[in-house]
């Protein structure tokens, strides 16, 4: 039996992991899906002060409060920031960190910095308008506008995203949390979904400043071709992959 802690990406809550969690539990594992402060059923806790440190504290609090050990900590998409921060703080409690269609960012880089200037300007405009200056509204999840990211999602999954996604506190995208000078050598796995694993390996070998963070003997890689939300488009396959790790 393995203990999994599953952290969803932007706009989502623990509900996004329902099918994956079911598959892992049926295989005999202990599973703790997380809803971070200010999201989903905790949307009432959202404030302008919620940031990456808040979400790191959520994860650390769950693991330490439950006295969980040998944890496989799984983060999807924008959860790379708090998952990395938690992994830096409590490496003695972790067996592995898994990044689902995401990766840790270099020190000093916030999630917002990962967007090109045009995308960032569009996000900031929505925050200033619809988001009251401190929330990132959920996207429309329109496959006609974003077929690559939304690949593999049927109408039921798209409807679920539109119904249950909640605005994301902007501080979780603009804060670049401090990292230790020496990063713990906890085993780490990246699961590539929206881009080929061969492309990831090429960017690592080429010294790409973001993908360069994935170099090192502690890293392994898996490929699960689909869109950006494999927990909804291929939940059984993702559960099997995690269980295999």
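Every number here is computed from the coordinates shown, using simple stated rules; none is lab data. Since the model is a prediction, treat every value here as computed from it, not as a measurement. All Cβ positions, glycine included, derive from the backbone under ideal geometry; neighbour counts span all protein chains shown.
Observations
- Per residue Cα convex hull volume in Å³ - calculated over the chain: 123 Å³
- D (Stokes-Einstein, µm²/s), Kirkwood Cα radius, region 128-168, 0.890 mPa s at 25 °C: 219 µm²/s
- Rounded D (µm²/s) - region 1-96, Kirkwood Rh over Cα pairs, Stokes-Einstein at 20 °C, 1.002 mPa s: 161 µm²/s
- When only alpha carbons are used to place a centre, region 176-205 and region 21-55 end up 22 Å from one another.
- 14 Å tail of the calculated P(r), region 198-245, as % of Cα pairs: 59 percent
- Packing rank of 142-149, 93-100, where each peptide gets the mean count of other beta carbons within 10 Å, highest leading: 93-100, 142-149
- For region 77-177, the Kirkwood estimate of hydrodynamic radius, built from reciprocal distances between every pair of different alpha carbons, is 15.4 Å.
- Histogram of C-alpha separations across region 66-134, 10 Å bin width, %: 18, 37, 28, 14, 2
- Cα point-scatterer Debye curve for region 146-245, base-10 log of I(q)/I(0) at q = 0.10, 0.12, 0.17 Å⁻¹: -0.39, -0.56, -1.05
- With the helix formula -39500 (n - 2.57) applied to DSSP H stretches of n ≥ 4, the chain reaches a computed 222 nm mean residue ellipticity of -9500 deg cm²/dmol.
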